[in-house]
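Values in this text are rule-based calculations from the coordinates and carry no lab data. If you're wondering where the values come from, they're calculated on a predicted model, not measured in any experiment. No Cβ is skipped: glycine too gets one built from the backbone with ideal geometry, and neighbour counts run over all protein chains shown.
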Amino acid sequence: PRVSCAKGATILADRDALARIFDNLIVNALRHGADAPCVSTRSENETTRIEFANAVVAGAQIDATASSTAFTKQMLPQLSGSGLGLAIAANLAHAMGMELSAHVEKGDGGAPDSLVIALVSRNRYIARPGRQVAAPQEFST
């Protein structure tokens, strides 16, 4: 994978939950993508955005019109696997007050399309009722 981190990007999160989100998104990209994934961060004001991007396998039909609330196992129905990794990542993000969203970036000049899944933190840690997440820790680049 290629990793590019903006200086000063900060996230308040449960360490284990954040690690599970990263693991699920990176494993998904490695299993279903056409190339090595690219992970990048951007930070502006109190918002940090981490993007996991990967070229789409030629001919794959991906419904990336999903919003942050629509990560279900049906998002990638034509690919192998249970599809639960994305749903778990979205639930963990939501439990900490973060958002997970997806969109397809069209490739230009013959380049393949890319599926981009973004984890957005506004650095306001919210332990949602009924969720098993620990006290937040600060993670910075």
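Listed values, structure above:
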read-out	value
Theoretical gain in end-to-end length, Asp16 to Arg2 [0.36 nm per residue, Cα-Cα removed]	2.8 nm
Cβ-based net charge around Ala111, under 14 Å, with every Lys or Arg adding one and every Asp or Glu removing one	-3
Spacing of the two label points (7 Å from each Cα toward its C-beta) at Asn91 and Glu46, in nm	2.9
Distance-filtered residues of the stretch 1-39 - backbone nitrogen under 15 Å, label point 7 angstrom along Val104 Cα→Cβ	33-34
